[in-house]
Amino acid sequence: MTKQALREDCKQCEVCGFDCYLFAVTCECSSQLVTCLEHARTLCRCSNDSKRVHYRYSVKQLRALSQQVEQHYELLTQKISEKSFDEEHR
């Protein structure tokens, strides 16, 4: 797996049209063609050694981002619960 930043103009999977923002697969035979991970086998007839997985964030970065989202969600849920409680007891 190579760690290469995807171009800022997010490419779409040639097969399903999925936005390949986080992960994309390309091949040496045509860097213009892109697929999502699910459709990598249909990209071309080249061997897997010729194909490259590009990703925007490392697993460590994705875990940190996920934790931040979870913490933010918990904080919002708590604030909503507190507001509802306050409104019920007025």
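Bear in mind these aren't lab numbers, they're just calculated from the coordinates by the rules spelled out. Note that this is a predicted model, so its numbers are computed, not measured. Reconstructed Cβ throughout: ideal geometry from the backbone, glycine too, with neighbour counts over all protein chains shown.
Numbers below:
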read-out: Sequence-distant residues sharing a close amide H with VAL34 (under 5 Å, placed H); value: GLU14
read-out: Segments 58-69, 42-53, 14-25 sorted - mean Cβ within 10 Å per residue, highest first; value: 14-25, 42-53, 58-69
